[in-house]
1. Does Lys59 satisfy being surrounded by 13 or more Cβ atoms within 10 Å (Cβ to Cβ) and assigned by TED's automatic domain parsing to the domain that holds Ile24?
2. I'd like to know if the range 98-111 contains one or more residues that are part of a helix (DSSP H, G or I) and either in contact with a Pro (Cβ under 9 Å, 6 or more places away or on another chain) or closer than 20 Å to Ala20 by Cα (or both).
3. If you go through the range 1-35 one residue at a time, how many are in a helix (DSSP H, G or I) and either of a type outside the set (Ser, Thr, Tyr) or over 21 Å from Lys99 (Cα atoms) (or both)?
4. Looking at this structure, is Glu25 loosely packed, with under 10 Cβ neighbours inside 10 Å and closer than 28 Å to Leu137 by Cα?
5. Just checking, which of Phe58, Phe117, Phe49, Phe38 is hydrophobic (A, V, I, L, M, F, W, C) and not in a helix (DSSP H, G or I)?
6. Have a look at Val95, Val91 and point out the one that is under 14 Å from the mean Cα position of the chain (by Cα), modelled with pLDDT under 95 and either surrounded by 14 or more Cβ atoms within 10 Å (Cβ to Cβ) or of a type outside the set (Asp, Glu) (or both).
7. Of the residues Ser78, Ser64, which is assigned to a helix (DSSP H, G or I), assigned by TED's automatic domain parsing to the domain that holds Arg36, hydroxyl-bearing (Ser, Thr, Tyr) and farther than 24 Å from Val136 by Cβ?
Amino acid sequence: MWLLFAILSSVFAALTSILAKAGIEGVNSNLATAIRTFVVLIMAWGMVFLTNAQSGIFKIDRRSWLFLILSGLATGASWLCYYKALQTGEVSKVVPVDKLSVVFTLVLAFVFLHEKFTGKSIAGCILIGIGTLLMVL
């Protein structure tokens, strides 16, 4: 089931880029990010209440709160940078560079989460890096 949701995530991410580029023309990138974030906030809390998960908020421990807040700050920074890049660059070049996050994620997972690097993951990182360079040159 994870694969289906991962594929759907990539499709929605692609739509996000195209729709954002179409909608950001003449709009301050920070304002556009705030509007997007507001919509995501409503959608996320809607899903919490739709699935009756709101009582779980009281079961979250301090460590989880800390990392969820830090993750939110990282997401916000990512979105602000992404929208600024979309506003000033071509979507066909911004998106591949943004997807270098796969490489950074693998490296950070190795360093901080002690996940294993395999020959396949190293080869994949190298290919993603090369592919990104080819797409933006």
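1. Spelling it out, it is not the case that Lys59 is surrounded by 13 or more Cβ atoms within 10 Å (Cβ to Cβ) and assigned by TED's automatic domain parsing to the domain that holds Ile24.
2. Just the residues of the range 98-111 that are part of a helix (DSSP H, G or I), to begin with: 98, 101-111.
Keeping just the survivors that are either in contact with a Pro (Cβ under 9 Å, 6 or more places away or on another chain) or closer than 20 Å to Ala20 by Cα (or both) gives 98, 101.
Yes, that holds for at least one residue.
3. Count: 23.
4. Numbers: loosely packed, with under 10 Cβ neighbours inside 10 Å: yes; closer than 28 Å to Leu137 by Cα: yes.
In short, yes.
5. From the options Phe58, Phe117, Phe49, Phe38, the qualifying one is Phe117.
6. Val95
7. Ser64
The values are calculated or read from the model by the stated rules, or taken from the named source; none is laboratory data. Predicted, not measured: the structure shown is a model, and the values here were computed from it. FYI the Cβ positions are ideal-geometry reconstructions off the backbone, even for glycines, and counts take in every protein chain you see.
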